[in-house]
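The numbers here are math on the coordinates, done by the rules we state, and not lab data. Given the structure is predicted, the values throughout are model-derived calculations rather than measurements. For neighbour counting, all protein chains shown are included, and Cβ atoms are generated from backbone atoms with ideal geometry for every residue, glycine included.
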Amino acid sequence: MSNRIHGGVLVSNVEVTSATVQRGDIIQLGGQPCRVRDLFQLSHGAKQLVFESGELLTIHARTRLIAVRPLRRR
């Protein structure tokens, strides 16, 4: 499913795991949308996400989150 958000950018709601999360994904945490700025691989398939606001989130290999992903033009 694709939707348009502010600015007319096409986005898609996706389920992400530590294996599929990408830079630029927007994950809602505590009611606030947070954009992933950087990712670091940890042991046992976990990843640490660094958000543009400076917050950190560690997700384990089996963690599932819903994210908004801006669609890229090809």
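Simple rule: put +1 on each Lys or Arg Cβ and -1 on each Asp or Glu Cβ in the chain, find the dipole, and look at Ala67, Leu10, Val50; the Cα lying farthest toward the positive end is Leu10.
Net length available on complete extension from Ala61 to Arg35 is 7.4 nm, with 0.36 nm assigned per residue and the Cα-Cα distance removed.
Once you reduce region 13-27 and region 43-64 to the center of their Cα atoms, the two points are 10 Å from each other. Put a plus charge on the Cβ of each Lys and Arg, a minus charge on the Cβ of each Asp and Glu, and nothing anywhere else: the dipole of the chain about its Cα centre is then about 340 debye.
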